[in-house]
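The values are calculated or read from the model by the stated rules, or taken from the named source; none is laboratory data. Nothing here was measured: the structure is a model prediction, and the numbers come from that model. Ideal geometry is used to build each Cβ from the backbone, glycine not excepted, and the neighbour counts take in all protein chains shown.
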């Protein structure tokens, strides 16, 4: 008896059954009864891997081979591996074709086939097929028909085993026909019991019942193999006997499979016996002794494991996956055997048949050695385009119980961690999909103008080796926030904050600068700009834009920049109770956000509120303080304190607000001049007044250079007592950005306000950004704005909003009316009561301005028709009090006319929100994405649920696009272009774009690449070709929304019908009358432009 054979089925299974391989013709058979008749041609009545396995054995023995295939299998490898191949089952369903005995016999007879091998599955255990072969005079490579019938009947097979004296598990002598019979049996023998279909196979007919009222569960098996004499039934050829093994090692007969077993490879590897060779020779009339197969000569040599690599998804209960194999690379090497079928790049995995890709068999001196070889081989596999069970197999192979313990039927239940599947990165192929998508469909991020990214890459100036010199962050880490603030106040000279990494590109380039370009220059900044007070590089609009348009993780940006610039403090923009969002969050979400930001390397938090609403600011300040960050409370500046005619926002207003912020414990007091309204005289008055009132408080001033007076204003602030002013490197300065760093450094050189920064290093820094800015030409505000404009003193549009508003206007089809938009901005501001305008209040004013231009409305008309117009959602929510209470209160009667009966928010908007359950959110994210979800991911989802969801979906499809250089990211490669992509240190892809294929019937184009010297291709859907042009042929991209009504639906006047969305602006379209929806002309995500008909309503 042969024992000690370990193997594994690649799908779900439990080790409970030992299988015995039976070979034909007993050694006791009389030689006189044997008639040797050589086989010249063999047909395999099967497909896939087993067909190829038999073909190979036949070829080795000099036997010609014949394949049969269904209509669905015309592209499968097994038909190509045979000498001849013939279609069977024409017009039949996929499985039925291989079960069509007349066709198979006909092909065999017409092509002089001597013998038919059934493989396993399909007809392999059908006695009528074995009989049909015999009747046609074609040998059946397997047992005689009657033996096949007996072995297929589980009850009769059990009776034969009993007669042979083989131990059996207690069971019924005949099939049961009622529940009562099963109950009587269980009463006598107890639980657990197994129900077996009389004619089953592969474990599919087996169900385990463990208690009286428990649902039955399928029993699949891991495999052991032994050999016994089959003389009791006159068994000829190969077969497998299954035994149940108890904890004492005793064997109990279960059934016989009268065919070659799926796991026959394991037996072959440890016994060095080719079972298919043996089958063929036995069918020719050879005996076991003639083949050298004597029991006493068969030896076990080590251990072997078989893994069935299948296109099944373990995370979905091993649900089969289908599709095209975009990449297939197998694991090979010493101790590895591969039995495969159609496993090659470009192969189509259909839903019609078994999901097997390849059987991987490893062998070693012991089980751990065999498992190590298998693990290594599986790790080498690269299968792209479909899901596989490889991650599950790898978990099983690394399980100590599997390697060193006893594995039984409870193995999987007792090891749920087997389903903690490590995600497959698949980065290279995903990036090819992205590049192909851009080549076919254009940029994935909306581009407002036709300018192309520059083809010139910026060159980083020389960076000295070694650690960067100490900077103010070293002071902060040593002294803490209070000591840091004292050091800043005691510093001699003017300190600068560099906004190049955030607000500068938000103001000039629509916040589109990517981490890729920030990282390249970061080491240079760390080495040469350690005298900076801080670098503003995070928060504000950069947070959501990173995910929404750049498809980057904002937290990863912070982490990577922190590692490259360890010596200069980082500063972020925190929107008070709104954190980095445009809505209200529960208080604990703001606290948690600040905590996580601080843990990831953020130092200074500039806390502001768009309305200077103190309760919102205090929450943000408290959250930063609790996290251990530096609190920089920012007063948003508007109006003109030097103009005696403008008294709403007077000097007294700012001083009283400053008193409250200092009293609340701010470490630094900031003036946030978001529109560049601070004139030099106003700067001197405001800053000197603050300095007189707070002599020990560091003062930090932020402005924009829209009118061109930014440098003069900042120098006036310095002279009046400011400690820090904001600047941007020269090519990223001016206009709607911050004042020029080079100008401030040069103007203060040799004075008591000297910055300590080398002007020559500023020049080098500028050279990098001058070229880098060209990469973002499609977003550059200079496409329409050629210079600064003093009309900002009238329209008061914040610099950070200017380009976004311009971009938004273009996406709404109002680019040619931007001058009107600016004028409307002034009128919208007056309608709303003259607001402090900074995100999100500036967005509210901008939304209303665009609404007025779109609908050709004057201020007077808006006031008059306020009770009937469908205002932008942001305007409605502002008037409800969702943003806070503006200085001077809400405008009346405008507010009441717009809101009518809508509810109003009293007090701080977020105060009444229930606490956010981060554990529940993390659990939900893990269930949704089946990925390693970090605390940072949870916070991203908390701030922007929809944006984060879309970001994760994008990265799941297209991979880490942040590895691409900016031109490739925006515009894709040209045909024949070669380039490199560094995935991580030491892992670089060499890619060449080869060709674009023609449009196929599915609306796809095949895009060809060369990746690391190997041909790759991806299928990309051509969205233009697939577009439903009959809706709106002239529609613009990225104006999308939702439809909330159906044709035939009754609607009331004022009822929301749909939501229009352009970029960040959403507008609810309300029904102008009561009636019935007659026709809907749009659907969700339709692209629209002005005058497009949305729907018809009949009264």
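Within the range 173-198, restricting attention to residues that are within 21 Å of residue 243 (Cβ to Cβ) and surrounded by 13 or more Cβ atoms within 10 Å (Cβ to Cβ), the residue that is modelled with the lowest pLDDT is 198. All told, residue 160 meets the bar of being within 23 Å of residue 251 (Cβ to Cβ), part of a helix (DSSP H, G or I) and either in contact with a helix residue (DSSP H, G or I) (Cβ under 6 Å, 6 or more places away or on another chain) or free of Cβ contacts under 8 Å to residues at least 24 places away in the same chain (or both).
If the condition is being under 16 Å from residue 527 (Cα atoms) and assigned to a helix (DSSP H, G or I), then the range 754-776 contributes 759, 760, 761, 762, 763, 764, 765, 766, 768. Scanning the range 654-677 for residues that are on the phi > 0 side of the Ramachandran plot and surrounded by fewer than 24 Cβ atoms within 10 Å (Cβ to Cβ) yields one hit, 665.
Checked against the criteria, residue 738 does not count as surrounded by 20 or more Cβ atoms within 10 Å (Cβ to Cβ), at pLDDT below 95 and within 44 Å of the chain's Cα centre (by Cα). When residue 1002 is tested against the conditions (1) more than 12 Å from residue 432 (Cβ to Cβ); (2) modelled with pLDDT of 95 or more; (3) not in a strand (DSSP E or B), the lone failure is (2). Residues in the range 346-359 that are buried (at least 16 other Cβ atoms within 10 Å of the Cβ), touching a residue at least 60 places away in the same chain (Cβ under 8 Å) and in contact with a strand residue (DSSP E or B) (Cβ under 6 Å, 6 or more places away or on another chain): 356, 358, 359. None of 458, 443, 464, 468 is modelled with pLDDT of 95 or more and more than 26 Å from residue 705 (Cβ to Cβ) except 468.
Condition check ((1) assigned by TED's automatic domain parsing to the domain that holds residue 269; (2) over 30 Å from the mean Cα position of the chain (by Cα); (3) under 25 Å from residue 76 (Cα atoms)) across all residues:
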site: 313; (1), (2), (3): no, no, yes
site: 329; (1), (2), (3): no, no, yes
site: 336; (1), (2), (3): no, yes, yes
site: 341; (1), (2), (3): no, yes, yes
site: 391; (1), (2), (3): no, no, no
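Going through (1) touching a residue at least 60 places away in the same chain (Cβ under 8 Å); (2) surrounded by fewer than 24 Cβ atoms within 10 Å (Cβ to Cβ) one by one, residue 598 falls short only on (1). Say we look at the range 681-706 and pick out the residues that are part of a loop (DSSP other than H, G, I, E, B) and modelled with pLDDT of 95 or more; which of these is farthest from residue 670 (Cα to Cα)? My answer is 705.
Within the range 502-520, the set of residues being buried (at least 24 other Cβ atoms within 10 Å of the Cβ) and out of contact with any helix residue (DSSP H, G or I) (no Cβ under 7 Å at 6 or more places or on another chain) is empty. In the condition set (1) farther than 28 Å from residue 351 by Cβ; (2) modelled with pLDDT of 95 or more; (3) surrounded by 19 or more Cβ atoms within 10 Å (Cβ to Cβ), residue 116 is compliant with all but (1).
In the range 110-124 there is at least one residue that is more than 24 Å from residue 265 (Cβ to Cβ) and in a helix (DSSP H, G or I).
Look at (1) under 28 Å from residue 1006 (Cα atoms); (2) exposed (fewer than 15 other Cβ atoms within 10 Å of the Cβ); (3) in contact with a helix residue (DSSP H, G or I) (Cβ under 8 Å, 6 or more places away or on another chain) and you find that residue 342 fails only one, number (2).
So for the range 373-380 (the condition being part of a loop (DSSP other than H, G, I, E, B) and either at pLDDT 90 or above or not assigned by TED's automatic domain parsing to the domain that holds residue 1006 (or both)), does at least one residue qualify? So far as the range 373-380 goes, no, none of its residues is part of a loop (DSSP other than H, G, I, E, B) and either at pLDDT 90 or above or not assigned by TED's automatic domain parsing to the domain that holds residue 1006 (or both).
One residue stands out in the range 393-421 among those that are exposed (fewer than 13 other Cβ atoms within 10 Å of the Cβ) and assigned to a helix (DSSP H, G or I): the one that is farthest from the chain's Cα centre (by Cα), namely 404. Condition check for residue 638 on (1) touching a strand residue (DSSP E or B) at 6+ places or on another chain (Cβ under 8 Å); (2) within 20 Å of residue 726 (Cα to Cα): one failure, at (1).
When the range 907-923 is filtered for residues that are in contact with a helix residue (DSSP H, G or I) (Cβ under 9 Å, 6 or more places away or on another chain) and at pLDDT below 95, the ones remaining, listed by number, are 907, 908, 909, 910, 911, 913. Out of all the residues in the range 797-808, is one or more assigned to a loop (DSSP other than H, G, I, E, B), modelled with pLDDT under 75 and touching a strand residue (DSSP E or B) at 6+ places or on another chain (Cβ under 7 Å)? No.
Scanning the range 691-708 for residues that are in contact (Cβ under 8 Å) with a residue 40 or more places away in the chain and closer than 20 Å to residue 503 by Cα yields 700, 702, 704, 705, 706, 707, 708. Among the residues making up the range 861-895, those that are farther than 25 Å from residue 649 by Cβ, in a helix (DSSP H, G or I) and more than 39 Å from the chain's Cα centre (by Cα) are 861, 864.
With respect to the conditions (1) over 40 Å from the mean Cα position of the chain (by Cα); (2) not assigned by TED's automatic domain parsing to the domain that holds residue 533, residue 759 falls short on a single one, namely (2).
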